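Asks: Input: one structure, supplied below.
The values are calculated or read from the model by the stated rules, or taken from the named source; none is laboratory data. All of these numbers come straight from a predicted model, not from anything done at the bench. Because the Cβ atoms are built from the backbone with ideal geometry, glycine has one as well, and the counts that use them run over all protein chains shown.
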Amino acid sequence: MHEHDVIVVGAGGAGMRAAIAAEEEGADVALVSKLHPVRSHTGAAEGGINAALREGDSWEDHAYDTMKGSDYLGDAPAIETLCQQSPDEVIKLEHWGMAFSRDDDGRMSQRPFGGMSFPRTTYAGAETGHHLLHTMYQQVVKRGITVYDEWYVTQLAVTDEDRPEERRCDGCVAYDIQNGDLEGFVAPDGVVLATGGPGQVYDHTTNAVANTGDGPAMAYRAGVPLEDMEFIQFHPTTLPSTGVLITEGVRGEGGILYNSEGERFMFERGYANNDGELASRDVVSRAELTEINNGRGMEDDYVHLDMRHLGEERITDRLENIIHLATDFEGVNPLEKPMPVKPGQHYAMGGIEVDENGESAVSGLYAAGECACVSVHGSNRLGGNALPELIIFGARAGWHAAGREMETAEIETGPGASIEDADLDTPVEPGEIAPRSGTGDVAADGGTRADGGAQVMGAAETVERAVEAEHERVTHLLEKEEGVREATIRSRLQKAMTRNVNVFRTEDGLKQALEDIREAREAYTDVYVSDPSRTFNTDLIHTIETRNLLDLAEAITLSGLARTEFRGAHWREEYQDRNDDEWIKHTMLSWNDGQPELYYKPVVLEGENKTYEPKERSY
Ligand SMILES: Cc1cc2nc3c(=O)[nH]c(=O)nc-3n(C[C@H](O)[C@H](O)[C@H](O)COP(=O)(O)OP(=O)(O)OC[C@H]3O[C@@H](n4cnc5c(N)ncnc54)[C@H](O)[C@@H]3O)c2cc1C
């Protein structure tokens, strides 16, 4: 058993910033990560970090753009915190040694990004995330923060009171990927989840194979509500054959989108008469797919992104990485030809419900970064707003867990914030998982799902009990000799989600997806791991991850089916309008007693000095 005051699960931008903050506050903190910190997916971030740094810009304008981009589903207190604190956090990164791109006069360069009214995206070439991760890791090493890398956290250790808001998170269980040991981690001051996005729910994604939404799935099973899961961002410029991202920075620098008729369709077909290619991502993705569906795409599959007119010198200076990505992954040299691009899954706006201090409904459990929903992005994230979220809300979660007095949160969490229950007809009963054979009442997710019958236990005891349940689950998976391979189930699930829970959504499609997910769930009850070894058993890790993908796919689809309006990234064929009278509310999904419960809580539109009145969103 290991013990640290604070355990941070995940060592990407959010996790490392949380750990540094906890250390700043004097805590003994450890990072536990399935990847080495600098292999985290933050390293793939290309375009930049938004911060109102220059004369002529202001945090208020950044906040306005963000609220508009969210289609009035973001919470003002969180958005304002993001925009007020971003300049200081970006300057702190610079002081820590991050190699930002610079103008001739020495100031950090800033470029335009979609949906922003000012060029406020600070960047380091087209490798911003890589530099951010390395800068942060240097701080982690310098401060002597303990790092357990290649440790896979399989379960949270949470007490089992009936009501989630009465539960306590005492630590977690992690599997040592190098040798197969399962060990408990006790964290008296708190566990911060910073496990990144769930992109692997889809088969065409910009996200890494490791992005399997483990944190939200574990929190959900422990009774913590998930928020706004239906809002998935599809980035308009991904390479068709792999999903590799071509940064919005290309359009920020002046890149142009063309259809097969040579039209600059964002303007010529009237999708965004003012901002064209730099409209918000949801708008550009829908425009591209509309062109493709109407026969004006190339090979019925993609459109062209052309940056040749920017000139080799400027491209090499600011976007060099893009030349390599397009050449290596698509065989197209963008200095000579336009790049083929199409929309691909990129980001989850929803996640673990937390307040501005990173706290969830379960005491001692925090979350930050893409796995959390605070919510600054509402129904659509603006490019360049995720990286500031990591460092600002990562730091706040770390400080709070380590005991710093924080201002009382204005955003309420937990079932107490409910304003109404959802009324939803589903084609299948969601959420049930058949018990594993021969394991009594231990559920297939590992047996620590809170299910009533509270016992008074100390922290070490809660963690010990969770370790035993995980031991049983892993042994079962390794000893089972035949069944269905997880790769088959994962691929079926990803295809179902890409087919029916994509940019364009219909009621029948969403219902079909739920049926497909249910079938995949059933197949999972017979899953087996073909590699019985305990050393670097990636088959076992992927099998546990696929369980998490199933839960999140269902949460995304159920939440999407329930939201009968078109807002931000959530387009519904049957409901073509944003319905502010009924739908300015967050979708909440909570799994308690083995049943998902869908309810709503209010969006906070009141900021520090003003209320953000919903307006028509055009670009
Ligand atoms: C290709 C790409 C480009 C992007 N570009 C930009 C950009 O330019 N600007 C911007 O603002 N945003 C950008 N984004 C979004 C942004 O980069 C991500 O949202 C953000 O980096 C996520 O950071 P994170 O710290 O939350 O998670 P990650 O960086 O993904 O880190 C997750 C960590 O959790 C660990 N982990 C996960 N599960 C477990 C487990 N079960 N046990 C132990 N450890 C676990 C992993 O090892 C990893 O260390 C981009 C996203 C992508 C995909």
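Asks: Identify, from the list ASP317, ASP306, ASP301, ASP282, the residue that is more than 15 Å from TYR258 (Cβ to Cβ), surrounded by fewer than 20 Cβ atoms within 10 Å (Cβ to Cβ) and not hydrophobic (A, V, I, L, M, F, W, C). Break it down into steps so the answer makes sense when it comes.
Replies: Values: ASP306 fails: more than 15 Å from TYR258 (Cβ to Cβ); ASP301 fails: more than 15 Å from TYR258 (Cβ to Cβ); ASP282 fails: surrounded by fewer than 20 Cβ atoms within 10 Å (Cβ to Cβ).
One residue alone meets the criteria, ASP317.
Asks: With respect to ASP282, determine if the residue is closer than 29 Å to ALA217 by Cβ and either out of contact with any helix residue (DSSP H, G or I) (no Cβ under 6 Å at 6 or more places or on another chain) or in contact (Cβ under 8 Å) with a residue 60 or more places away in the chain (or both). Write out each step before concluding.
Replies: Working: closer than 29 Å to ALA217 by Cβ: yes; either out of contact with any helix residue (DSSP H, G or I) (no Cβ under 6 Å at 6 or more places or on another chain) or in contact (Cβ under 8 Å) with a residue 60 or more places away in the chain (or both): yes.
Criteria met by ASP282.
Asks: Of the residues ASP214, ASP228, only one is touching an Asp or Glu at 6+ places or on another chain (Cβ under 8 Å) and in contact (Cβ under 8 Å) with a residue 40 or more places away in the chain; which? Reasoning before the result, please.
Replies: Details: ASP228 fails: touching an Asp or Glu at 6+ places or on another chain (Cβ under 8 Å).
After ruling out the rest, the residue left standing is ASP214.
Asks: Sticking with this structure for a sec: Which one of ALA99, ALA194 is crowded, with 24+ Cβ neighbours inside 10 Å and touching a residue at least 24 places away in the same chain (Cβ under 8 Å)?
Replies: Values: ALA99 fails: crowded, with 24+ Cβ neighbours inside 10 Å.
Of the residues listed, the single one that is crowded, with 24+ Cβ neighbours inside 10 Å and touching a residue at least 24 places away in the same chain (Cβ under 8 Å) is ALA194.
Asks: Can you tell which of THR439, THR448, THR426 is within 16 Å of the ligand (Cβ to nearest atom), of a type in the set (Val, Ile, Thr) and modelled with pLDDT under 95?
Replies: On the way: THR439 fails: within 16 Å of the ligand (Cβ to nearest atom); THR426 fails: within 16 Å of the ligand (Cβ to nearest atom).
Selected residue: THR448, the only one of THR439, THR448, THR426 that is within 16 Å of the ligand (Cβ to nearest atom), of a type in the set (Val, Ile, Thr) and modelled with pLDDT under 95.
Asks: What are the residues in the range 173-209 that are part of a strand (DSSP E or B) and more than 12 Å from the ligand (Cβ to nearest atom), if any?
Replies: Pass one, the range 173-209, residues part of a strand (DSSP E or B): 173-176, 182-186, 190-193, 205.
Residues satisfying the conditions are LEU182, GLU183, GLY184, VAL186, GLY190.
Asks: Looking at the structure I just gave you, is TYR148 at negative phi, away from the ligand (no atom under 11 Å from the Cβ) and among the aromatic types (Phe, Trp, Tyr)? So that I can check it myself, show each step before the final result.
Replies: Details: at negative phi: yes; away from the ligand (no atom under 11 Å from the Cβ): no; among the aromatic types (Phe, Trp, Tyr): yes.
Spelling it out, it is not the case that TYR148 is at negative phi, away from the ligand (no atom under 11 Å from the Cβ) and among the aromatic types (Phe, Trp, Tyr).
Asks: Evaluate the following for TYR152: is it under 14 Å from THR195 (Cβ atoms) and in a strand (DSSP E or B)? Break it down into steps so the answer makes sense when it comes.
Replies: On the way: under 14 Å from THR195 (Cβ atoms): yes; in a strand (DSSP E or B): yes.
Considered against the rule, which asks whether it is under 14 Å from THR195 (Cβ atoms) and in a strand (DSSP E or B), TYR152 comes out as yes.
Asks: Which ones in the range 210-229 are surrounded by 24 or more Cβ atoms within 10 Å (Cβ to Cβ) and either assigned to a loop (DSSP other than H, G, I, E, B) or touching a His at 6+ places or on another chain (Cβ under 9 Å) (or both)?
Replies: Within the range 210-229, ASN211, THR212, GLY213, ALA222, GLY223, VAL224, PRO225, GLU227, ASP228, MET229 meet the criteria.
Asks: Under 7 Å between Cβ atoms, at least 6 apart or on separate chains: pull out the pairs that start in the range 363-382 with a residue that is more than 9 Å from the ligand (Cβ to nearest atom) and end on any residue that is acidic (Asp, Glu) and not in a loop (DSSP other than H, G, I, E, B).
Replies: From the range 363-382, the pairs are GLY364/ASP170; TYR366/GLU359; CYS373/GLU227; CYS373/GLU353; SER375/GLU227; VAL376/GLU389; ASN380/ASP282.
Asks: For ASN548, indicate whether it is of a type outside the set (Asp, Glu), surrounded by fewer than 24 Cβ atoms within 10 Å (Cβ to Cβ) and either more than 16 Å from the ligand (Cβ to nearest atom) or touching a residue at least 40 places away in the same chain (Cβ under 8 Å) (or both).
Replies: Numbers: of a type outside the set (Asp, Glu): yes; surrounded by fewer than 24 Cβ atoms within 10 Å (Cβ to Cβ): no; either more than 16 Å from the ligand (Cβ to nearest atom) or touching a residue at least 40 places away in the same chain (Cβ under 8 Å) (or both): yes.
It is false that ASN548 is of a type outside the set (Asp, Glu), surrounded by fewer than 24 Cβ atoms within 10 Å (Cβ to Cβ) and either more than 16 Å from the ligand (Cβ to nearest atom) or touching a residue at least 40 places away in the same chain (Cβ under 8 Å) (or both).
Asks: Take residues that are over 20 Å from GLY48 (Cβ atoms) and tell me which of the helices (runs of 4 or more DSSP H) falling wholly in the range 230-306 contain 2 or more.
Replies: Details: elements: 249-252, 265-268, 281-291.
Filter on the range 230-306 gives 265-268, 281-291.
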